[in-house]
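Beneath this line is the structure, given in structure tokens, with notes to follow.
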Amino acid sequence: MSEIDTTRIPRHVAIILDGNGRWANARGLPRTAGHAQGEPVLFDVIEAALDLGIEWLTAYVFSTENWSRSPEEVAFLMEFNRDLLRRRRDDMNEWGIRIRFIGDRDDPRVPDALRTEIAEAEALTVANTRMNLVFAFNYGSRGEIATAAQELAARVAAGELLADDVDVDAVSRHLYASDMPDPDLLIRTSGERRLSNFLMWQSAYSELVFTDVLWPDFSRDVFADCIVEYQNRIRRFGGAEEA
Ligand code: IPE
Ligand code: IPE
Ligand code: MG
């Protein structure tokens with residue numbers, strides 16, 4: 001494992017945790033076994049992030065496109081997320097984590113019991129400041145941006161806002177978590193090299209790190225390698241380096 005520079009820790013790390021189904025298939029197990037196997041991995045990474053002083057950690061756990069999976073897998077994931085929150089929220093609270101959700105939780109396809117669990121976890125941890133743990137659940141970037149556009153259009157129509165004031169900052173303020181800083185580092189596991197509708201607005205200048213490791217095989221050590229890779233990048237933000 002290479003050395004992390006503790007003076008240059010990314011403020012916000014976002015992760016597309018992918019490869020659960022393939023991990024399970026390779027072992028002759030149902031896809032859902034891969035999701036279950038991914039839970040301790042997520043908490044290992046959360047603890048590593050706390051140790052490193054990462055302020056924001058976002059995990060993509062269910063996309064607006066994931067409804068197209070089998071009803072059994074979708075039902076498993078809904079129950080799994082609810083159960084995970086219930087079992088883990090007190091630990092996360094004690095660790096000083098503020099739990100947040102981005103995405104369309106009001107979608108009627110989201111079970112009421114999960115919606116309630118989400119609200120309770122958020123309320124329980126609302127005053128915590130050590131780290132923001134954001135679950136992107138029933139999340140899709142295009143829907144998020146379209147909703148922001150709708151809200152802004154409604155405000156213009158109501159005479160509260162001028163069309164000229166619909167600028168980059170105004171759109172950012174209408175996203176799910178307006179106080180969330182853009183990810184510095186975006187990690188995707190499992191060898192896929194795409195965003196799959198994740199934080200497309202927010203990742204305009206994120207460093208993208210792809211690893212072939214499937215999510216259930218991910219670990220705090222692979223996470224550390226991803227951070228080292230991030231630290232070896234030169235971020236220009238459109239500027240130029242001194243000669
Ligand atoms: C990621 O693993 C978890 C979710 C999308 C919920 P997948 O379930 O996408 O696993 P693969 O990509 O099929 O292996
Ligand atoms: C993205 O992974 C969504 C989550 C990790 C929750 P997918 O497995 O759904 O993405 P695609 O279908 O391979 O693009
Ligand atoms: Mg996948």
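Per-structure values
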| item | result |
| --- | --- |
| Whole-Hz ³J(HN,Hα) from phi, Karplus 6.51 cos²θ - 1.76 cosθ + 1.60, for region 222-238, glycine and proline x | 5, 4, 4, 4, 5, 5, 4, 4, 4, 6, 8, 7, 10, 8, 10, 6, x |
| Solvent-accessible surface (1.4 angstrom probe) belonging to T6, in square angstrom, nearest 10 | 110 |
| DSSP-assigned coil residues among chymotrypsin sites (Phe, Trp or Tyr not before Pro) in region 159-243, each with at most 16 further Cβ atoms within 10 Å | W201, Y205, F237 |
| Between region 43-104 and region 155-225, the alpha-carbon center distance in angstrom | 16 |
| Note, ³J(HN,Hα) from phi for region 161-171, Karplus 6.51, -1.76, 1.60, rounded to Hz, x at Gly and Pro | 8, 8, 3, 5, 7, 7, 10, 4, 5, 5, 4 |
| Accessible-area composition of the chain, carbon plus sulfur, in percent [1.4 Å probe] | 48 |
| Karplus-derived 3J(HN,Hα), 6.51/-1.76/1.60, for each residue of region 47-60, Hz, glycine and proline x | 5, 4, 5, 5, 4, 7, x, 5, 7, 10, 10, 10, 10, 7 |
| By accessible area with a 1.4 Å probe, ligands and nucleic acids excluded, highest first: order of R31, R105, R87 | R87, R31, R105 |
| Estimated [θ] at 222 nm from DSSP helical runs (n ≥ 4, -39500 (n - 2.57)) normalised by residues in the chain, nearest 500 | -13500 deg cm²/dmol |
| Whole-number percent relative contact order across the chain, with pairs defined as alpha carbons under 8 Å at least 6 apart | 29 |
| Zero-based 5 Å bins, Cα pair distances in the chain, whole percents | 1, 6, 13, 17, 19, 18, 13, 7, 4, 2, 1, 0 |
| Cα gyration tensor category, rounded, prolate or oblate, for region 176-243 with a/c compared to 1.5 | oblate |
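The values are calculated or read from the model by the stated rules, or taken from the named source; none is laboratory data. This is a predicted model, so every value here is computed, not measured. No Cβ is skipped: glycine too gets one built from the backbone with ideal geometry, and neighbour counts run over all protein chains shown. We work out accessible area using only protein heavy atoms, side chains counted, and drop any ligands, DNA or RNA first. Shrake-Rupley method; radii C 1.70, N 1.55, O 1.52, S 1.80 Å.
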